[in-house]
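Colleague: First the structure, then my questions, so here it is.
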Amino acid sequence: QVQLVESGGGLVQAGGSLRLSCAASGRAFSAYAMGWFRQAPGKEREFVTTITWSGGTTYYADSVKGRFTISRDNAKKMVYLQMNSLKPEDTAVYYCAACPNSASSRYGECDYWGQGTQVTVSP
């Protein structure tokens, strides 16, 4: 069992930066690929980025490539999402998830989800 708690969301102006954190509990954390997803009002949840259990490989949605960076610290059971050059269209609730592997994470096929943190980017 893995429990996930996101933090770090907030209100930021376009062009600004935020760093989201996801704190995990549970012994199996390091065995999971971790993903970040987001859901804007009136839209379906979408994949943002994922990182393999070792942290050696990452994947990004085209919409965030070059602006967002995912990282993890297995010793601390933490996952991070550094978001730079934020745009109003990045406004959404952001969720972290523990997924069986990076391939499944890209389809949102994950085993555990956090409660989400709101990110709002003003023009």
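The values are calculated or read from the model by the stated rules, or taken from the named source; none is laboratory data. Since we're looking at a predicted model, the values are computed, not measured. Note: ideal-geometry Cβ built from the backbone for every residue, glycine included; neighbour counts use all protein chains shown. Only protein heavy atoms, including side chains, enter the accessible area calculation; ligands, DNA and RNA are left aside. Shrake-Rupley method; radii C 1.70, N 1.55, O 1.52, S 1.80 Å.
Colleague: Please determine, by comparing only the residues of segment 47-82 that are surrounded by 14 or more Cβ atoms within 10 Å (Cβ to Cβ) and of a type in the set (D, E, K, R), which one is farthest from GLY114 (Cα to Cα).
Modeller: ARG67
Colleague: Just name the residue that is farthest from LEU11 (Cα to Cα) out of those in segment 29-52 that are in a loop (DSSP other than H, G, I, E, B) and not polar (S, T, N, Q).
Modeller: Top of the filtered list is TYR32.
Colleague: Read through the list (1) of a type in the set (Gly, Ala, Ser); (2) touching a residue at least 40 places away in the same chain (Cβ under 8 Å); (3) surrounded by fewer than 23 Cβ atoms within 10 Å (Cβ to Cβ); (4) within 19 Å of GLY114 (Cα to Cα), then give the number of the only condition that SER85 fails.
Modeller: (4)
Colleague: Looking at segment 75-90, is at least one residue among the polar types (S, T, N, Q), within 14 Å of LEU20 (Cβ to Cβ) and not in a loop (DSSP other than H, G, I, E, B)?
Modeller: Looking through segment 75-90, at least one residue is among the polar types (S, T, N, Q), within 14 Å of LEU20 (Cβ to Cβ) and not in a loop (DSSP other than H, G, I, E, B).
Colleague: Then there's this: Considering only residues that are among the charged types (D, E, K, R) and part of a loop (DSSP other than H, G, I, E, B), look in segment 53-72 and name the one that is farthest from ALA23 (Cα to Cα).
Modeller: ASP62
Colleague: Turning to a different aspect of this structure: Suppose we filter PHE29, PHE37 for residues that are in contact (Cβ under 8 Å) with a residue 60 or more places away in the chain and either under 18 Å from TYR107 (Cα atoms) or open to solvent by 50 Å² or more (accessible area, probe 1.4 Å) (or both); which single one remains?
Modeller: PHE37
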